[in-house]
């Protein structure tokens, strides 16, 4: 689903809308839309360079000035608690540190839409808390729309405003987080949020 939203995979049917307008088949137009979003995969992929260079990469590719890159990268590393690791090679980081770098890199250019695939899977509680705080800040203070795929019901309940419950690629139920977690309409949803069934 995230690959389709990010225009990396073509849907088998239906129409894709972005800002209420159908996305054309024109590759150039799709690239323009892709430049407004960022996708972080569950398995973190970083360059074998410093943490600083990893976060700066997208900004350099987009032609930001040296001064703006310095300011943005420094600010982001402060936000994710990794300023002291700026010169360290990214491939020597722990899983949680690497995921924080990946998210910082993905939001360096202020995307309108951030797509996250299981952003805290297999991480320790400390890194989970840091990443959840980061996601909440990006959404509520910077206005970035965040779409998260997660199997963690507790995480969804903590940070989501809206929830879509999917089963085998089909929407079972969607609505506000409060409604989904306190008064779901569908039996499958109720069993899942109560931890009684894992699909």
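The values are calculated or read from the model by the stated rules, or taken from the named source; none is laboratory data. Quick caveat: nothing in here was measured; it's all calculated off a predicted structure. Glycine also receives a Cβ, built like all others from the backbone with ideal geometry; neighbour counts cover every protein chain displayed.
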Would you check if there is a residue in segment 94-117 being free of Cβ contacts under 8 Å to residues at least 60 places away in the same chain, over 23 Å from residue 69 (Cα atoms), within 11 Å of the chain's Cα centre (by Cα) and assigned to a loop (DSSP other than H, G, I, E, B)? no
For segment 118-143, enumerate the residues that are surrounded by fewer than 19 Cβ atoms within 10 Å (Cβ to Cβ), more than 23 Å from residue 191 (Cα to Cα) and touching a strand residue (DSSP E or B) at 6+ places or on another chain (Cβ under 7 Å). 139
Of everything in segment 67-79, what is touching a helix residue (DSSP H, G or I) at 6+ places or on another chain (Cβ under 9 Å) and more than 15 Å from residue 38 (Cβ to Cβ)? Give them in sequence order. 68, 69, 70, 73, 74, 77, 79
Selection count where residues are loosely packed, with under 10 Cβ neighbours inside 10 Å, closer than 25 Å to residue 103 by Cβ and touching a strand residue (DSSP E or B) at 6+ places or on another chain (Cβ under 7 Å), scope segment 1-37: 0
Which count do you get for residues in segment 60-89 that are touching a strand residue (DSSP E or B) at 6+ places or on another chain (Cβ under 9 Å) and either over 19 Å from residue 45 (Cβ atoms) or modelled with pLDDT under 95 (or both)? 2
Just need a number here: residues in segment 38-65 that are under 15 Å from the mean Cα position of the chain (by Cα), surrounded by 13 or more Cβ atoms within 10 Å (Cβ to Cβ) and part of a loop (DSSP other than H, G, I, E, B). 3
Identify all residues within segment 2-37 that are touching a residue at least 60 places away in the same chain (Cβ under 8 Å) and assigned to a helix (DSSP H, G or I); write none if there are none. 2, 5
Do you know which residues across segment 159-191 are in a helix (DSSP H, G or I) and touching a helix residue (DSSP H, G or I) at 6+ places or on another chain (Cβ under 7 Å)? 159, 177, 180, 181, 189
